[in-house]
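I have placed the structure first, in the form of structure tokens, so that the comments after it can refer back to it.
What follows is calculated from the coordinates using simple rules that are stated; it is not laboratory data. Source: prediction; values computed, not measured. Here Cβ is always computed from backbone atoms with ideal geometry, including for glycine, and neighbour counts include all displayed protein chains.
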Amino acid sequence: MPDNLKPMHIVIISASNRAKRLSHRVSIHLTNKFKQTTGCTTELIDLAAISLPAFEETLTHHLKPPDGLQ
């Protein structure tokens, strides 16, 4: 990589907040795969773990709601 370029930073957003979400596993896998196979830094943002007012009502129906919503 040329000296004047910074490594790419890839952010993956896991947006589902359903109790039996499967897409979150895909997000974790992709985050780890990018980290292992490229020179990129990666970050996984899990919207189910963030207190967003739009999700609060839905999150209260989770089998394991985040702390503060139980």
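In table form, for the structure just shown:
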{"quantity": "Inter-probe distance in nm under a simple model that places probes 7 Å from Cα toward Cβ, at Leu47 and Leu22", "calculated": "2.0 nm"}
{"quantity": "Whole-percent pair-distance distribution, where bins are 10 Å wide, for the alpha carbons of segment 2-53", "calculated": "24, 43, 23, 9, 2"}
{"quantity": "Nonlocal amide H pairs with Ile10, under 5 Å, H built at 1.01 Å", "calculated": "Thr41, Thr42, Glu43"}
